[in-house]
Structures are given as C-alpha cells and as structure tokens.
Ligand SMILES: [Zn+2]
C-alpha cells in the first residue's frame, strides 16, 4: 500500500502506547499553534484546558472529538498523525489543499483530560460523558454541546476505542468498527443517517484491501443519552468510530494507522469513490466472541474432562505505567469463545495462583502445570 510510505514519513512518534494524557499533547499543540488555530473551549471538572484545533476555511464543517472516554486514546494518536499530515502532505498536497478549501475541520482532541490522566472511561465526577448528552450535567458535556451549537457542523466524528472482545466472521478481530447512530427508537433511515452510512461504506471499501475482514459495524439501538444519537437526532450526520484490536497490537499502533487511513478516505484525500448508503449493511456486525487468551484442554479442580478457560486482561495504571493484568473471565467444556492467543494444555491439570479450584473474576498471578513448570508465554503479547 503506497499510503504506508506516506504514513511512515508523517507518523507522530512522540505519541505512542495507550496511556496518553494532556501533558503528552501539550507540546505538540504548542508547535501546531503556529500553523492552525487553537482555542481553549472550556475546562474539565479539575480545571484542565479543553482545546480545539481548527484546520481549513471551507464551507463544509466537520466536528470531531476524541478521548471523551479518558482511556480511549487510539483515535487521539491518529488525529495527531492527521495534523502532522495536514501540515506536511507530501505528494498529496493538491488533495489536501482542496480538502482545506472545501472544509473546516474543528477537533477537540481530548474531551476528558481528567479521565485520560487516571486512565478511566469516566470523568473526574465518575460520569460517563457519552451517557450525559441529555442532562449535560458535566462541564465537558456542556463544552461539547456549546461548540456543536456555535460551529453548526455538517458532519460529526465521535471517536472511541473498543475492547479486544469484539470480533467478526472469519473469525477476525474487529480492528475498526463504525456506527451510523440511530436518530430515533424506530431506527429510521433519516437523511442524516443515510449520509453517515454512505461515508462509512466509503471508508470500509477504501480500507478493505489492507484490513479485509477486520471492519465491523455496531448495534444501532437508539440511546437518547449518547452524544452520537443526540446529534443524529438533531439532523447532523454523525459517525461513531471504534478503534479496536489488530492481531498482536495491544499498544494499538497498527490500529492507529488504520484510523488515520480512515480519515483520509472519509475526507476524500485517498479516494474519490462514493458508495450508495446501502453498502453499509454489507459490513458485518460486531460480535463478542474474542477473549485475550483461551486455554484449551485443561484439567481444573476435580473435573474429569478437560475444559477451556478464557482469560481477559484489564488495563490497570500503576505509577504512570499501564499494565495488562490477566483475570479469569469464563470457563466451560464448550466455551463459545476464541482467544487472540490460544494455548493447548493437552489434557494436563493446571493450577491458578497455586490452587486447584479456579474462580471466575480472580486475578491470575501465576498459572502453572500441577506437575511442575509454568505455562509459557501466557502473558506475553
Ligand atoms: Zn468510548
């Protein structure tokens, strides 16, 4: 893919991994302020600045916000790649100039800096900002709404991460999932919703070469408390992006690249095709079939027959460093789950934390064969 070369030249390497805070963004924002318009739109519960970054001056207005869930940083990294690219578009300069003439892009790259700092989904008042669209009880929700009302966007991009549990037929992990949120309980195909579907179909078709089978769509049950559903109800085409798992990429650096490619496709910088909105329904729906590790053919406690055990990591912040801590998630003889990593125990008895009885939701500190020896690599990725 020739975009790969372009990406290698513009990727913002000062941002990496999953734990991205406002202090990581700040030096980059300061440099960017020389080339694009930067504004403090308001403040978080704990008083952190809520920045917006504006590119272009065209009549079509695009509003994007990332990290409204503080621990969902992949799309933030991709946005800063996009900013670097807009600043230095290489041989795509003509396409970028055309984009910036036709569009104004206004981005809130970190809507929940307090949650980003503590690596939590919620803000400092433990409120999920993506369930606060109706009450708007939080300062971050009020800022997003006031920017929306003042800017009057023609398109909204609601940027998130999804967990590693999401999969697609194949089976494949759901690396990128999208949703054209419903505008009402009937999930009618309103004009703005069709527009969102058409954009998503175009992105999916453009990315299908490098990411075949890894692109999904989300359940479209209407939720009046969600921001995307609310903006769609107000008649503005809105796209939910969910950055997910790419094989062996727990830092989401590959996924980040595909989010960037998705932006280029959406902005018609890397493609010129336009699909009919109906192509949206050809994108497979996400399922929840994946877990991080599945052990097969393991004997536990007094069972006579081997079973499968599913292990799921929880991302936990310890002294500024993110750790992937394994927990026993589920077990059974016919477990309908697939592991990003699968380990065959070959019928041997295992011990979790040195005991024979195993408990769902327990943290796994050690995982060993009863007759000695640790189970290799169960924690590596
Ligand atoms: Zn989210």
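The values are calculated or read from the model by the stated rules, or taken from the named source; none is laboratory data. These numbers come from a predicted model, not from an experiment. FYI the Cβ positions are ideal-geometry reconstructions off the backbone, even for glycines, and counts take in every protein chain you see.
Looking at region 21-74, which of its residues are within 16 Å of the ligand (Cβ to nearest atom) and over 20 Å from residue 96 (Cα atoms)? Correct list: 65, 66, 67, 68, 69, 70, 71, 72, 73, 74.
Please list, ordered by first then second residue, the pairs with beta carbon atoms under 6 Å, 6 or more apart or interchain, first in region 144-161 and under 21 Å from residue 45 (Cβ atoms), second more than 16 Å from the ligand (Cβ to nearest atom). Every condition considered, the pairs that remain are 145/136; 147/41. Give the residues of region 225-259 that are assigned to a helix (DSSP H, G or I) and away from the ligand (no atom under 16 Å from the Cβ), sorted by residue number. Scanning region 225-259 gives 232, 233, 253, 254, 257, 258.
For region 346-365, give me the residue count where each residue is more than 13 Å from residue 310 (Cα to Cα) and in contact with a strand residue (DSSP E or B) (Cβ under 7 Å, 6 or more places away or on another chain). Explain how you work it out, then say what you get.
In the first step, residues of region 346-365 are kept if they are more than 13 Å from residue 310 (Cα to Cα); the result is 346-351, 353-357, 365.
Of the ones still in play, those that are also in contact with a strand residue (DSSP E or B) (Cβ under 7 Å, 6 or more places away or on another chain) are 346-351.
Matching residues across region 346-365 total 6.
So, of the residues in region 221-247 that are surrounded by fewer than 19 Cβ atoms within 10 Å (Cβ to Cβ) and out of contact with any strand residue (DSSP E or B) (no Cβ under 8 Å at 6 or more places or on another chain), which turns out to be nearest to residue 128 (Cα to Cα)? Within region 221-247, the match that is nearest to residue 128 (Cα to Cα) is 225. Scanning region 293-302 finds one or more residues that are within 22 Å of the chain's Cα centre (by Cα) and assigned to a strand (DSSP E or B).
Within region 18-64, the set of residues being assigned to a loop (DSSP other than H, G, I, E, B) and either without any contact (Cβ under 8 Å) to a residue 24 or more places away in the chain or not assigned by TED's automatic domain parsing to the domain that holds residue 85 (or both) comprises 33, 34, 47.
Quick one: count up the residues across region 327-341 that are in a loop (DSSP other than H, G, I, E, B) and under 17 Å from residue 364 (Cα atoms).
Residues flagged as in a loop (DSSP other than H, G, I, E, B) and under 17 Å from residue 364 (Cα atoms) within region 327-341 amount to 0.
Beta carbons closer than 7 Å, at least 6 apart along the sequence or on distinct chains, pair a first residue in region 266-288 that is over 27 Å from residue 337 (Cβ atoms) with a second that is part of a loop (DSSP other than H, G, I, E, B) for 280/180. Only one of the numbered conditions (1) assigned to a strand (DSSP E or B); (2) within 15 Å of the ligand (Cβ to nearest atom) is violated by residue 115, and that is (1).
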